[in-house]
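We did not get these values from a lab; they are worked out from the coordinates using the rules stated. In this text, all values refer to a predicted model and were calculated from it rather than measured experimentally. We place every Cβ from the backbone using ideal geometry, glycine too, and count neighbours over all the protein chains shown.
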There are 2 protein chains.
Amino acid sequence: MSIRIGILGYGNLGRGVECAIEANPDMELAAVFTRRDPSAVRIATAGVPVVHVDDATAWEDKIDVMILCGGSATDLPVQGPQYAKLFNIVDSFDTHACIPEHYAEVDKAAKESGHIGIISVGWDPGLFSLARVYANAILPNGKDYTFWGRGVSQGHSDAIRRIKGVKDARQYTVPVPAAIEAVRAGKNPELTTRQKHTRECFVVLEDGADAAYVEKEIKTMPNYFADYDTTVTFISEEELQQNHKGLPHGGSVIRTGSTGHNQENQHVIEFKLDLDSNPEFTTSVLVAYARAAYRLAKEGQLGCKTVLDIAPAYLCAQSGEELRAHLL
Amino acid sequence: MSIRIGILGYGNLGRGVECAIEANPDMELAAVFTRRDPSAVRIATAGVPVVHVDDATAWEDKIDVMILCGGSATDLPVQGPQYAKLFNIVDSFDTHACIPEHYAEVDKAAKESGHIGIISVGWDPGLFSLARVYANAILPNGKDYTFWGRGVSQGHSDAIRRIKGVKDARQYTVPVPAAIEAVRAGKNPELTTRQKHTRECFVVLEDGADAAYVEKEIKTMPNYFADYDTTVTFISEEELQQNHKGLPHGGSVIRTGSTGHNQENQHVIEFKLDLDSNPEFTTSVLVAYARAAYRLAKEGQLGCKTVLDIAPAYLCAQSGEELRAHLL
C-alpha cells in the first residue's frame with residue numbers, strides 16, 4: 001500500500017512536494033488542502049481532490065503524513081502544533097533561532113495525540129545541519145564554515161521589492177571565492193560577514209523611479225545589505241523574466257579539524273549542494289522525511305523529531321538488506 | 001562517568017583510536033588488548049594496561065565499548081562475532097561484498113549475548129555510505145559517482161611490494177580531474193574504470209633489481225593496475241621516507257539528479273573528504289560511533305547496526321537541546 005501524503009498549502013513548496021511524490025512510487029498524493037476557495041485551485045495531478053483546510057479533520061484516517069508547505073514567519077508556528085493533533089506532519093520551519101520553541105510546541109501536540117512531527121526539514125536547516133553534526137562528532141577539534149549560494153535569496157529579493165520605485169527584483173547571495181578556497185585549503189581563516197559573501201541585486205524600476213535613491217536604499221539597508229559588498233544592476237522586466245526566472249541555490253558546509261597527539265594532521269569535510277530549483281530540492285527532502293515519519297509512526301514512535309533524530313535508512317524506499325548490499 | 005573504551009589490536013587503527021579518545025572528554029581508554037606479548041607493547045597513554053586477548057573475558061564489566069582494530073581480510077570476520085559475545089563492539093569491516101554475511105554473524109552473536117555491534121564504520125564504508133543513502137533518498141532520479149583520492153592505497157602499495165626486486169612502494173589513487181569536473185557540472189558522463197582514476201606508483205628498488213621488469217609487472221597486474229593508466233617512478237629510499245611517509249586520502253561521493261514534472265531541474269549533491277591521515281580520520285569516525293553504541297546499549301537496543309541505522313544525534317557528546325539550538 002502506498003504512503004498517502006497530504007499537502008497543506010499550494011505555493012512553491014506545495015507544487016514541489018507534488019512533483020516529488022511522482023518520483024517516489026511508494027507514495028501517492030491523497031489531497032491538497034488550501035485556505036483559498038478549493039474550486040479556484042488547479043493542481044497538476046489528475047483526480048486528486050483539493051479540500052478547504054477547515055475540512056481537514058475529515059481526512060484524519062485518509063492521510064498518513066501531512067506535509068506543511070506554509071511559511072516559517074507566520075504559518076508554521078501555528079500550523080505545526082495545530083495539524084500535529086490530527087496527522088503525522090513534516091515541515092520546513094527554518095527560523096533557526098525559534099527552533100527550540102517550535103520543537104516544544106509540536107512535541108506537546110504530537111505526543112498528546114499520538115503522532116510524529118518532523119520539523120525543520122530541507123537543506124538549511126536540514127541536510128546542512130546533518131553535515132554540521134556528523135562533522136562535529138567526528139572532528140571535535142575544528143571549525144565550522146557555512147557558505148550559501150550562488151543562489152536567489154527570496155527574503156532579500158522581497159526586501160528590495162518593498163523599496164519605493166522598485167517594480168521587481170532578484171537578489172543573489174554569492175560566496176567569496178577566495179574565502180571558500182582558503183577554508184578548503186585548511187587555512188582556518190577568521191572571516192567577517194563581508195569577507196564571506198557578496199550580494200548581487202538585479203532590479204526593475206517603475207517608470208520614473210529614482211535609480212540613485214533605490215541603489216542607496218538597498219546598499220544601506222541594515223542586516224540585509226549594509227554589512228556586505230553589494231552590487232545593484234538595473235535591468236528591464238524582459239531581462240528579469242528571461243535570465244532571472246529560476247530559483248537556483250546551494251552552498252557548502254565545511255568543517256576543518258585536526259587529529260593526532262599534537263594535532264599534526266589536518267582534515268577537511270565538505271558537503272556541497274548545487275541546485276537548479278531551491279523549492280523542488282527542498283521538497284524532495286521533505287518527501288524523503290515523510291517516508292521516515294510514516295515508518296516511525298508505524299513503529300509506535302511519537303513526538304517531535306528533527307533530521308538529527310532519524311536514522312538514514314528510514315528515508316530510503318529500499319530495505320535494510322538492499323541498502324547494506326548496494327549502498328553501504 | 002566516562003565511556004570506557006577498549007582497543008583490540010594496536011596497529012595504525014589502534015593508535016588512531018587512542019588519539020581520538022584524547023580528543024573526546026566524555027571517553028577514557030580502559031585497556032588495550034593485543035595478541036602479542038603485552039609487555040612488549042608500549043602505548044602512548046600513561047597508566048593504561050595492555051592486556052593479552054586471552055584475558056579479555058575478565059574485562060566484560062570494565063569496558064563499555066570494544067573497538068576492533070584488526071584487518072578486514074582475516075581478523076574482523078572472526079573477531080566481530082567472537083567479541084560481540086562479550087562486549088558492545090565497533091569495527092571498520094570494509095570488504096563491501098562480504099558485509100551482508102558479516103552483518104548476519106555479528107547480529108546473531110550480539111543478539112544472543114545482549115550487545116550492540118556497529119560494523120563497517122569509517123569513511124568508505126561509513127561516511128561515504130551515508131552520503132550515498134541520503135542523496136539516493138532525496139533524488140530518486142539520479143546517478144551516483146564515487147571518486148577516491150588523491151591518496152595512498154595500502155592494498156595497492158602492498159601489491160607492488162610483493163613484486164620481486166621491490167624494496168618499498170607507495171601507490172596513490174588519483175581521480176581524473178576532467179571526469180570529476182564533468183560530474184560536478186551535471187553532465188552525467190558514463191565513465192570507464194580508466195576514465196575515473198589514475199594510479200601513481202613510487203617504487204624503491206632492491207640493489208640490482210630489474211627496473212623494466214618491475215614496471216611491466218606493475219602495469220600489467222590484473223585488477224590492481226591493468227585497467228588503469230599507471231605511472232611508475234623509481235625513487236630512493238630517502239625520498240620515499242621524506243616525501244611519501246604519510247597516509248593521506250580522501251575523495252568525493254557525488255549524486256546528480258533531476259526534479260520537476262519533466263525532470264527539467266538538475267541538482268548536484270557532493271560529499272568530499274580531504275584527509276592528512278587516513279587511519280586517524282577513520283578512527284575518529286569509529287570513536288564517534290562508539291559513543292552511539294554506548295548510548296544505544298543503555299537504551300536496551302541490541303544486535304548489529306550499521307551507520308545507516310543510527311540517528312546522527314547519537315554521535316555527538318552534546319544533548320538534543322544543545323544540538324537543536326546550535327547546530328540544527
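In nm, one decimal, shortest first: how far is the label point of A:Gly246 (7 Å from Cα along Cα to beta carbon) from the matching points in the other copies?
3.7
Give the cross-link partners of A:Lys111 among the aspartates and glutamates, using a straight C-alpha distance below 13 Å as the criterion and excluding same-chain residues fewer than 8 apart.
Straight-line reach from A:Lys111, under 13 Å: no aspartates and glutamates qualify.
If amide hydrogens are placed 1.01 Å from N in the peptide plane, which non-local residues have theirs closer than 5 Å to the one on B:Met66?
Placed amide hydrogens put B:Gly6, B:Asn88, B:Ile89, B:Val90 under 5 Å from B:Met66.
Taking each residue of A:271-284 in turn, how many C-beta atoms of other protein chains fall within 10 Å of its C-beta, and what is the average?
Per-residue shielding by partner chains comes out at 6.
Residues of the range B:54-74 with amide nitrogen under 16 Å from the 7 Å Cα-to-Cβ point of B:Ser2?
The answer is B:62-67.
Would you pull out the residues with amide H under 5 Å of B:Asn141's amide H, same chain only if 5 or more places away, H placed 1.01 Å from N?
Excluding prolines and chain starts, which carry no amide H, the hits are B:Ser258.
Once the label point is placed 7 Å from Cα along Cβ, list for B:Asp55 the distances to the corresponding points in the other copies, in nm, shortest first.
Sorted ascending, the copy-to-copy spacings read 7.6 nm.
Cross-link list B:Lys245/B:Lys305; A:Lys85/B:Lys305; A:Lys85/B:Lys143; A:Lys219/B:Lys272; A:Lys196/A:Lys245: which exceed 29 angstrom alpha carbon to alpha carbon?
B:Lys245/B:Lys305; A:Lys85/B:Lys305; A:Lys85/B:Lys143; A:Lys219/B:Lys272
What are the label-to-label distances in nm, one decimal and shortest first, from A:Ala317 to the same spot in the other copies, with labels 7 Å along Cα to Cβ?
4.2
How many percent of the alpha carbon pairs in the range A:87-185 exceed a separation of 23 Å?
Counting every Cα pair in the range A:87-185, those more than 23 Å apart make up 50 percent.
Pull up the DSSP beta bridges for the protein assembly as shown and report the antiparallel fraction as a percent, rounded to 5.
55
Going highest first, how would you order B:142-149, B:52-59 by mean Cβ packing within 10 Å?
B:142-149, B:52-59
Count, for each residue of A:252-263, the Cβ atoms from other chains sitting within 10 Å of its Cβ, then give me the mean as a whole number.
Partner-chain Cβ atoms within 10 Å, mean over residues of A:252-263: 4.
I need the phi-derived Karplus couplings for the range A:72-86: 6.51 cos²θ - 1.76 cosθ + 1.60, θ = phi - 60°, integer Hz, Gly and Pro marked x.
Running phi through 6.51 cos²θ - 1.76 cosθ + 1.60 with θ = phi - 60° gives 6, 5, 10, 6, 5, x, 8, 5, x, x, 4, 7, 5, 6, 10 Hz.
Hey, how much of the P(r) for the range A:151-247 falls beyond 23 Å, as a percent of Cα pairs?
When all Cα pairs of the range A:151-247 are counted, 30 percent exceed 23 Å.
Which whole-number percent of Cα pairs in the range B:1-89 have a distance greater than 16 Å?
So the portion of pairs separated by more than 16 Å is 49 percent.
Through the Karplus equation 6.51 cos²θ - 1.76 cosθ + 1.60, θ set to phi - 60°, convert the phi angles of the range B:3-20 into ³J(HN,Hα) values in whole Hz; use x for Gly and Pro.
So the Karplus estimates, Gly and Pro as x, are 7, 8, 9, x, 10, 10, x, 10, x, 3, 5, x, 5, x, 4, 4, 4, 5 Hz.
Under the rule of at least 5 residues apart or a separate chain, name every residue whose amide H is placed under 5 Å from the amide H of B:Gly71.
Distant-sequence amide H within range of B:Gly71: B:Leu76.
Once you place label points 7 Å from the Cα toward the Cβ at B:Lys245 and A:Glu299, how far apart are they in nm?
Between B:Lys245 and A:Glu299, the simple spin-label model gives 4.7 nm.
Would you mind giving the mean number of other chain beta-carbons within 10 Å of the Cβ of each residue in B:313-322, as a whole number?
What the average comes to for B:313-322 is 4.
Evaluate Rg over Rh across the protein assembly as shown, taking Cα atoms for both radii and Kirkwood's formula for Rh.
We get a ratio of 1.00 for the protein assembly as shown.
Would you please give the FRET efficiency between B:Phe234 and B:Ala317, computed as 1/(1 + (r/R0)^6) with r the Cβ-Cβ distance and R0 = 60 Å, to the nearest 0.05?
Using R0 = 60 Å, I get an efficiency of 0.80.
Of all beta bridges DSSP finds with both residues in chain B, what is the antiparallel percent, to the nearest 5?
Of those bridges, close to 50 percent are antiparallel.
Looking at the square roots a ≥ b ≥ c of the eigenvalues of the Cα gyration tensor of chain B, which shape do they give, rounded for a/c under 1.5, prolate if a/b is larger than b/c, or oblate?
It is oblate, given that a/c is not under 1.5 and a/b is not larger than b/c.
Please list, in order along the range A:269-278, the HN-Hα scalar couplings obtained from phi with the Karplus expression 6.51 cos²θ - 1.76 cosθ + 1.60 (θ = phi - 60°), rounded to whole Hz, x for Gly and Pro.
10, 10, 10, 10, 10, 9, 10, 6, 9, 4
Students often forget the sequence filter, so: which aspartates and glutamates lie under 18 Å Cα-Cα from B:Lys164 once same-chain residues fewer than 8 apart are removed?
The qualifying aspartates and glutamates are B:Glu206, B:Asp207, B:Asp210, B:Glu215, B:Glu217, B:Glu237.
Please find the FRET efficiency linking A:Lys108 to B:Ala46, where r is the Cβ-Cβ separation and R0 is fixed at 51 Å, and quote it to the nearest 0.05.
Computed FRET efficiency for A:Lys108 and B:Ala46 comes out at 0.55.
Share of antiparallel DSSP beta bridges in the range B:151-247, in percent to the nearest 5?
Once the DSSP bridges in the range B:151-247 are tallied, antiparallel ones form about 65 percent.
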